[in-house]
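Beneath this line is the structure, given in structure tokens, with notes to follow.
The values are calculated or read from the model by the stated rules, or taken from the named source; none is laboratory data. Only a predicted model underlies this, so the values are computations on that prediction, with no experimental measurement involved. FYI the Cβ positions are ideal-geometry reconstructions off the backbone, even for glycines, and counts take in every protein chain you see.
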Amino acid sequence: MAVYTEVADDALSAFLSLYDIGEAVAFRGIAEGVENSNYMLRTTTGDFILTLYEKRVDPADLPWFLGLMEHLAGQGVTCPQPVRGQDGNALRMLAGRHAAITTFLPGVWPRRPQVAHCSPLGVALARLHAAGESYAPRRVNGLGPAGWRPLLERSLGRADEVAPDLGEELSRVLDRLLGDWPQDLPEGQIHADLFPDNVFFLDQRISGLIDFYFAATDLLAYDLAICLNAWCFEQDGAFNVTRGRALISGYQSVRPLTVAEADAMPILAQGAALRFLLTRLYDWLNTPAGALVTPKDPVEYLRKLRFHRHARGLSAYVG
């Protein structure tokens with residue numbers, strides 16, 4: 001989450017008049033994350049999140065995202081629900097951006113993930129995948145393998161400003177990954193961005209999953225590989241195999257991996273590391289001055305990518 005677009009008081013009042021959720025009593029920007037402009041909104045009827053969609057979100061995809069959240073909630077997944085206006089629409093314009101209001105979920109995201117967080121996370125991810133099976137519309141993952149080369153090319157000329165010879169290293173890695181990427185693994189609806197700040201906990205239990213605006217139809221095990229990257233490394237860059245074991249065990253308690261998925265985990269984890277390295281690299285080099293957002297260090301994911309390159313099978317992640 002982040003704030004790129006400011007919303008004036010009179011614009012907010014006019015926007016809220018299209019809903020039946022009361023008048024604003026508190027409104028503040030949320031600086032965490034890097035993609036859309038997000039605001040915490042309190043009205044006379046309760047708490048909500050207002051999102052203005054920016055940057056990598058294609059407005060044509062927004063009905064798919066909002067529909068997915070409604071579908072998952074109907075299948076028992078606790079996630080934000082789009083709030084529909086008096087005209088029945090959940091999506092409209094505000095401050096020159098497509099915007100939507102969603103329900104607020106209580107809870108706190110773990111600033112320092114622990115083993116105790118990882119097993120419930122694996123269970124929740126597998127349940128999300130199971131719930132998504134009956135959501136028929138498909139969405140191509142714009143930040144999947146087909147999107148990595150164009151993304152790298154946008155930063156290649158300045159990549160070495162971040163780390164020596166980074167551009168050359170990423171070019172070699174990308175060529176190899178695209179040649180080795182698995183084609184026949186189980187697919188479905190994936191979250192594709194289930195980082196700690198998108199998972200809320202209350203009393204050591206998951207109270208909700210948020211931020212579905214990178215969700216897509218893609219390899220299910222790739223979603224698990226994204227979580228391995230996001231949850232199972234220490235701050236010093238070391239992989240925590242106890243967390244990895246808990247995450248994968250929790251996932252497999254609901255949906256066992258196929259043999260092919262288990263064998264492919266190192267290549268999937270490399271792809272996940274590269275995807276976030278590339279988006280972080282672009283943002284590091286291009287975040288506009290004055291934006292209420294803190295760009296994230298791409299070098300963190302360079303270290304993770306190098307770890308996965310030496311991994312051999314699922315055992316590298318479970319011990």
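Can you tell me how many residues in the stretch 7-18 are in a loop (DSSP other than H, G, I, E, B), surrounded by fewer than 18 Cβ atoms within 10 Å (Cβ to Cβ) and touching a strand residue (DSSP E or B) at 6+ places or on another chain (Cβ under 8 Å)? So that I can check it myself, show each step before the final result.
Taking the stretch 7-18 first, the residues in a loop (DSSP other than H, G, I, E, B) are 7-8, 17-18.
Pick out the ones that are also surrounded by fewer than 18 Cβ atoms within 10 Å (Cβ to Cβ) and you get 8, 17-18.
Retained after the next criterion (residues that are touching a strand residue (DSSP E or B) at 6+ places or on another chain (Cβ under 8 Å)): 18.
Looking only at that region, the number is 1.
Pairs, please: C-beta under 9 Å, at least 6 apart or cross-chain, first residue loosely packed, with under 14 Cβ neighbours inside 10 Å and in the stretch 252-267, second of a type in the set (S, T, Y)?
Filtered contacts from the stretch 252-267: S253/S119.
Please state which one of F200, F214 is within 30 Å of L105 (Cα to Cα) and in a loop (DSSP other than H, G, I, E, B).
When all the criteria are applied, what remains is F214.
If we keep just the residues of the stretch 135-153 that are touching a helix residue (DSSP H, G or I) at 6+ places or on another chain (Cβ under 7 Å) and among the charged types (D, E, K, R), which is nearest to H71 (Cα to Cα)?
R139
Going by what's in this entry, would S249 be described as in a helix (DSSP H, G or I), closer than 19 Å to L121 by Cα and in contact (Cβ under 8 Å) with a residue 24 or more places away in the chain?
Yes.
Taking the stretch 35-63 as the search range and keeping residues that are under 16 Å from F212 (Cβ atoms) and β-branched (V, I, T), which one is surrounded by the most Cβ atoms within 10 Å (Cβ to Cβ)?
Of everything passing the filter in the stretch 35-63, T51 is surrounded by the most Cβ atoms within 10 Å (Cβ to Cβ).
When you check P256 against the structure, is it modelled with pLDDT under 95, assigned by TED's automatic domain parsing to the domain that holds G157, over 14 Å from the mean Cα position of the chain (by Cα) and not in a helix (DSSP H, G or I), yes or no?
No.
Name, by its number, the condition in (1) touching a residue at least 40 places away in the same chain (Cβ under 8 Å); (2) assigned to a helix (DSSP H, G or I); (3) under 17 Å from the mean Cα position of the chain (by Cα) that does not hold for L66.
Only one criterion is unmet by L66, namely (1).
Name every residue in the stretch 81-114 that is part of a loop (DSSP other than H, G, I, E, B) and of a type in the set (S, T, N, Q), in order of residue number.
Q81, Q86, N89, Q114
Just one of the numbered conditions (1) touching a helix residue (DSSP H, G or I) at 6+ places or on another chain (Cβ under 8 Å); (2) closer than 22 Å to D218 by Cβ; (3) of a type outside the set (S, T, N, Q) is not true of A95; which one?
Just one mismatch for A95, condition (2).
Out of the stretch 146-166, which residues are free of Cβ contacts under 8 Å to residues at least 12 places away in the same chain and within 17 Å of L285 (Cβ to Cβ)?
Passing the criteria: P150, E153, G157, D160, P164, D165.
Has the stretch 173-183 got at least one residue that is in contact with a Gly (Cβ under 7 Å, 6 or more places away or on another chain), outside any helix (DSSP H, G or I) and within 17 Å of H129 (Cβ to Cβ)?
Scanning the stretch 173-183 turns up no residue that is in contact with a Gly (Cβ under 7 Å, 6 or more places away or on another chain), outside any helix (DSSP H, G or I) and within 17 Å of H129 (Cβ to Cβ).
Conditions tested, residue by residue: (1) in a loop (DSSP other than H, G, I, E, B); (2) touching a strand residue (DSSP E or B) at 6+ places or on another chain (Cβ under 6 Å); (3) of a type in the set (D, E, K, R).
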residue: R42; (1), (2), (3): no, yes, yes
residue: D47; (1), (2), (3): no, no, yes
residue: C79; (1), (2), (3): yes, yes, no
residue: S119; (1), (2), (3): no, no, no
residue: R138; (1), (2), (3): yes, yes, yes
